[in-house]
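Below: one structure, written as structure tokens.
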Amino acid sequence: MIPANTHPAQPLRWQALWRDAIRDPHTLLELLELGHLSHRVSREATAQFALRVPQGFVARMRRGDPGDPLLRQVLPLVEETFAVPGFVLDAVGDLPASATNGVLHKYQGRALLVATGSCAVHCRYCFRRHFPYAEQTAAANDWQPAVAALAADTSIHEVLLSGGDPLSLSTEKLTQLSDQLRGLSHIRRLRIHTRLPIVLPERVDDELLAWLARLPWPCAMVVHANHANELDDNVLSAFARLRASGISLLNQSVLLKGVNDSVPALADLCEGLFAGGVLPYYLHQLDRVSGAAHFAVDDRQARALHDQLRAQLPGYLLPRLVREVAGAASKLPLM
Ligand SMILES: *Cc1c(COP(=O)(O)O)cnc(C)c1O
Ligand code: SF4
């Protein structure tokens, strides 16, 4: 899906970059001088969850390196088609909860809006690969069913925008939501979960910053970087603009085999984030979704990596190692 264009005659820069994302695995491999890897790409996996990656993210991949950690996150490999016991379609049990109005209220005081099904990048390990969310997003019908659900429950103090990627919506659409939420006196905080500042930092434009600066609530943005190579100058500059607008920046990562499953990779990521004014928040154990088994790191190794990281980093740079368990009252620390 291409985001709604508010100025048809002259698309915003980020919308043009969004439209020009790479969508063909073979084009991607040619750009990276890796044409000989074509046989590792699965047509079936691509049909199930299309490849999508902005060119600015491709520019951060190393030419000629089949093991590049950014490439691995987006390339549809034949491994995705292997059935692996324990890896299932609805790994976090979200489907029934999100069926009606795009509001997920699993944890006390916080409601998550599945704002949209669109993302600027398609991450192969994502559980959303099996759920396009087309008919059940919170933005449908001008947000009204979702806002009505939030209005009806005064125990909700924090609204989380998630998706898909909520910043794939136009700023106009986001303003429509914040205007309606202003009337709800029980809302105290807004949180935005987005990968766009990482994969398409041009999204952090003047229009978005003006919207953020006008919000009546303290606002946290949880970005999603998995490897230090994702943090180039454009990303660091987007972080700086967000911070100047009063946004608290946090990062969540997924522990991914072949991407960040080493102490140096994780330490470089945490230090690189802090250099950009972002605090590490969560390091997620992979959701056991079918097609993602080749990214799995077993719990014992995950704990060992986290223990070594704890010994090496200041406490405030250590992300919490957690996993999502259906029915639990929070994300659970890995014990
Ligand atoms: C992860 C998640 C949250 C936020 O959890 P925090 O621990 O506060 O970051 C809220 N709602 C849902 C449905 C979630 O999956
Ligand atoms: S950007 Fe987030 S929601 Fe979208 S595919 Fe990647 S991990 Fe999943």
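The values are calculated or read from the model by the stated rules, or taken from the named source; none is laboratory data. Small disclaimer: the values here were computed from a predicted structure and weren't measured. Heads up, the Cβs are rebuilt from the backbone with ideal geometry, glycines too, and the neighbour counts pull from every protein chain shown. Just the protein is used for accessible areas: all its heavy atoms, side chains included, with ligands, DNA and RNA removed. Shrake-Rupley method; radii C 1.70, N 1.55, O 1.52, S 1.80 Å.
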Answer residue from segment 218-273, given it is open to solvent by less than 10 Å² (accessible area, probe 1.4 Å) and small (Gly, Ala, Ser) and is farthest from residue 73 (Cα to Cα) among those: 238
Qualifying residue in segment 253-273 (condition: of a type in the set (Asp, Glu) and farther than 19 Å from residue 313 by Cβ): no
Elements of type helices (runs of 4 or more DSSP H) in segment 33-142, at least 2 residues being away from ligand 2 (no atom under 16 Å from the Cβ) and at negative phi: 43-48
Residue within segment 164-184 that is surrounded by fewer than 23 Cβ atoms within 10 Å (Cβ to Cβ), within 16 Å of ligand 1 (Cβ to nearest atom) and not small (Gly, Ala, Ser) present: no
Long-range neighbours under 8 Å by Cβ, at least six apart or interchain, first residue under 20 Å from residue 242 (Cα atoms) within segment 152-177, second of a type in the set (Asp, Glu) and crowded, with 18+ Cβ neighbours inside 10 Å: none
Residues located in segment 287-335, provided they are within 16 Å of ligand 2 (Cβ to nearest atom), under 24 Å from residue 249 (Cβ atoms) and not in a loop (DSSP other than H, G, I, E, B): 322, 323
Qualifying residue in segment 198-214 (condition: within 16 Å of ligand 1 (Cβ to nearest atom), modelled with pLDDT of 95 or more, surrounded by fewer than 21 Cβ atoms within 10 Å (Cβ to Cβ) and under 21 Å from residue 250 (Cα atoms)): no
Tabulated pairs, segment 241-262, first over 15 Å from residue 198 (Cβ atoms), second part of a loop (DSSP other than H, G, I, E, B) and of a type in the set (A, V, I, L, M, F, W, C), C-beta under 6 angstrom, 6+ apart or interchain: 255/297; 257/297; 261/297
